[in-house]
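The values are calculated or read from the model by the stated rules, or taken from the named source; none is laboratory data. Keep in mind that this is a model prediction, so the values were computed, not measured. Cβ sites come from the backbone with ideal geometry, for glycine too, and all protein chains shown count toward neighbours. These area figures cover heavy atoms from the full protein model, side chains too; ligands, DNA and RNA do not enter into them. Shrake-Rupley method; radii C 1.70, N 1.55, O 1.52, S 1.80 Å.
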Amino acid sequence: MPKEPVAVVGIGQTKHVAARHDVSLAGLVREAAQRALADAGLSWADIDAVVIGKAPDFFEGVMMPELYLADALGAVGKPMLRVHTAGSVGGSTALVAANLVAARVHRTVLTLAFEKQSESNAMWGLSLPVPFQQPLLAGAGGFFAPHVRAYMRRTGAPDTIGSLVAYKDRRNALKNPYAHLHEHDLTLEKVQASPMLWDPIRYSETCPSSDGACAMVLTDRTGAARSPHPPAWLLGGAMRSEPTLFAGKDFVSPRAGRDCAADVYRQAGITDPRRQIDAVEMYVPFSWYEPMWLENLGFAEEGEGWKLTEAGVTELDGDLPVNPSGGVLSTNPIGASGMIRFAEAALQVRGRAGEHQVEGARTALGHAYGGGAQFFAMWLVGDRPPAV
């Protein structure tokens, strides 16, 4: 029996900000969930199961928060699953929910991811000692900066590329009312003059710390037919992982990322992603990862990714818009960041992205990665159901 086609019929986000002191964790997730239900034209009673995800529990210091969030998410007496794959968790959470529908285990599933970084200090939470290495890291940027340097050496990319990405994404965020950073007076010169945090990553080339949540309602063909708005259809989805450290690991273009993208493209019948995909919501916490992931995901040949960025191909009005929502560089509630990429991709093909809508978008890729570039989750959505 073929898999049940999966449709995204509801999407809800909170307004992402530095600190939501007005709500608890329960209030934060319920806000996003209610907006997703309203978008889908459904009530709590219509949900068969809930799949929730977030980054490590020590970020807020609340262990296994899903246990006490069941009330807030209408999950009392219903199956509730928790997913965790570090920073990619928002993406993998959505895929777990999609698989429940595809396998006909449940017909309609609410999936949600969140983070309340104001109640933690993620930078120092991520500054964990690595065995047999000098303790010189400070936050995720300290871990990834050497990989960016390796990319620059490998490709000969000029050191201005990171600032171009940051300036693009922050300008895109001005068109997204849910984005955290709205820097109206930002200029390229200001990005390039911002303090160096982790050479070569500057302050304006790194992601913020955000409080926020994102929710989606996924359903089957019958549920999609009742949707008040056009659905987004799942054409392909996959997860891959690899060890953080091993002999021969390619930190610039991890094998797990390449394999994950290849699987998604195979499922969706994509043979030329550069031409067949209309928009990309890519997990870019540090600006240099745009050209790096363009190569890893097959949009550019090795060493050519930065040239697409430099040529304006990834601008909102370019041939391949990347992060029209402003991306992780503008909004980063870590546990939800991957799901926001998936949700924003779905908004594009539903034609409901508002001011940051890519004209004529019929296929869009959502991408998430996490850990030490070891966990990957991706989905490709379209405006039409997959061919059976």
Roughly how tilted is helix 255-268, in degrees to the nearest 10 and between 0 and 90, from the longest Cα axis of the chain?
-> 40 degrees
Residue-normalised 222 nm signal for the chain, counting each DSSP H run of n ≥ 4 as -39,500 (n - 2.57), nearest 500 deg cm²/dmol, is -9500 deg cm²/dmol
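Just check segment 302-360 against the gyration tensor rule for me: Cα atoms, a ≥ b ≥ c as the square roots of the eigenvalues, rounded for a/c under 1.5, and otherwise prolate or oblate depending on whether a/b exceeds b/c. Walk me through the numbers on the way to the answer.
Values: a/c = 2.30, a/b = 1.28, b/c = 1.80.
The shape class here is oblate.
Order Phe144, Phe375, most accessible first, counting only protein heavy atoms with a 1.4 angstrom probe. Write out the running numbers ahead of the final one.
Values: Phe144 10, Phe375 60 Å².
So, going from the largest accessible area down, we get Phe375, Phe144.
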Rounded to the nearest 10 Å², the accessible area of Trp44 using a 1.4 Å probe with every protein chain kept is 60 Å²
Which residues qualify? For Leu81, with a placed amide H closer than 5 Å and at least 5 residues away or on another chain, they are Val50, Val51, Ile52
Vicinal HN-Hα couplings computed from phi for segment 141-153 (Karplus, 6.51 cos²θ - 1.76 cosθ + 1.60; Hz; Gly/Pro x) = x, x, 6, 8, 4, x, 6, 5, 4, 4, 5, 4, 5
Note: Asp57 to Arg352 extended length (0.36 nm per residue) minus current alpha-carbon separation gives 102.9 nm
Amide H proximity to Ile11 below 5 Å, modelled H, separation 5+ or other chain, gives Asp39, Ala40, Val217
Would you work out which of Leu112, Pro158, Ser194 lies farthest towards the positive end of the dipole of the chain? Charges go on Cβ: Lys and Arg +1, Asp and Glu -1.
-> Leu112
Regression test value, accessible area per residue of the chain, probe 1.4 Å, units Å², expected 39 Å²
Excluding Phe251 itself, what net charge comes from residues whose Cβ is under 15 Å from its Cβ, given Lys and Arg +1 and Asp and Glu -1?
-> +2
Each residue of segment 96-103 in order: what ³J(HN,Hα) in whole Hz does its phi give by Karplus 6.51 cos²θ - 1.76 cosθ + 1.60, θ = phi - 60°, with x for Gly and Pro?
-> 4, 4, 4, 5, 5, 6, 4, 8
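What fraction of the DSSP beta bridges in the chain is antiparallel, stated in percent and rounded to the nearest 5?
On the way: 37 of 52 bridges.
Expressed as a percentage, antiparallel bridges in the chain total about 70.
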Working out 0.36 nm times the residue gap between Thr271 and Lys190, then minus their Cα-Cα distance, what length gain in nm do you get to one decimal?
-> 25.2 nm
For Pro79, what is the net charge nearby, where nearby means another residue's Cβ is under 13 Å from its Cβ and Lys, Arg count +1, Asp, Glu -1?
-> +1
Expressed as a whole number of Å, what is the distance separating the alpha-carbon centroids of segment 138-172 and segment 330-388?
-> 22 Å
Part-to-part distance (alpha-carbon centres) for segment 46-105 and segment 232-269, which is given in Å | 22 Å
Can you pull the accessible area of Thr187 for me, 1.4 Å probe, Å² to the nearest 10?
-> 50 Å²
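Is segment 228-338 rounded, prolate or oblate when judged by the Cα gyration tensor, a ≥ b ≥ c being the square roots of its eigenvalues, rounded requiring a/c under 1.5 and prolate requiring a/b larger than b/c? Please report the intermediate quantities before stating the final value.
Details: a/c = 1.28, a/b = 1.17, b/c = 1.10.
Rounded shape, in that the Cα axes give a/c under 1.5.
Determine the order of Asp317, Asp199, Asp159 by accessible area, beginning with the largest, at a probe radius of 1.4 Å. Don't skip to the end; give the middle numbers.
On the way: Asp317 140, Asp199 90, Asp159 115 Å².
Solvent-accessible surface, decreasing: Asp317, Asp159, Asp199.
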In degrees from 0 to 90, rounded to the nearest 10, what is the angle of the helix 25-40 Cα long axis to the longest principal axis of the chain?
-> 70 degrees
Among Gly335, Gly303, Gly372, which residue has its Cα positioned farthest towards the positive end of the charge dipole of segment 297-388, with +1 placed on the Cβ of Lys and Arg, -1 on the Cβ of Asp and Glu, and the dipole taken about the Cα centre?
-> Gly335
For Tyr167, Tyr151, write out the residues from largest to smallest accessible area, computed with a 1.4 angstrom probe and no ligands counted.
-> Tyr167, Tyr151
Are there GluC sites (Glu not before Pro) in segment 314-378 that DSSP puts in a loop and that have at most 11 other Cβ atoms within 10 Å, and which ones?
-> Glu359
Rounded if a/c is under 1.5, else prolate if a/b is larger than b/c, else oblate: which is segment 184-256, with a ≥ b ≥ c the root eigenvalues of its Cα gyration tensor?
-> oblate
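Going highest first, how would you order 47-57, 319-329 by mean Cβ packing within 10 Å? All intermediate terms of the calculation are to be shown ahead of the outcome.
Values: 47-57: 23.6, 319-329: 26.2.
Output ranking for 47-57, 319-329: 319-329, 47-57.
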Note, ³J(HN,Hα) from phi for segment 296-308, Karplus 6.51, -1.76, 1.60, rounded to Hz, x at Gly and Pro | 4, 8, x, 7, 8, 5, 4, x, 10, x, 5, 5, 5
Which of Lys175/Lys307; Lys54/Lys116; Lys15/Lys175; Lys15/Lys54 exceed 21 Å between C-alpha atoms? The answer is Lys175/Lys307
Starting from the Cα of His229, step 7 Å toward the Cβ, then list every residue of segment 1-22 with an amide N under 16 Å from that point.
-> 7-15
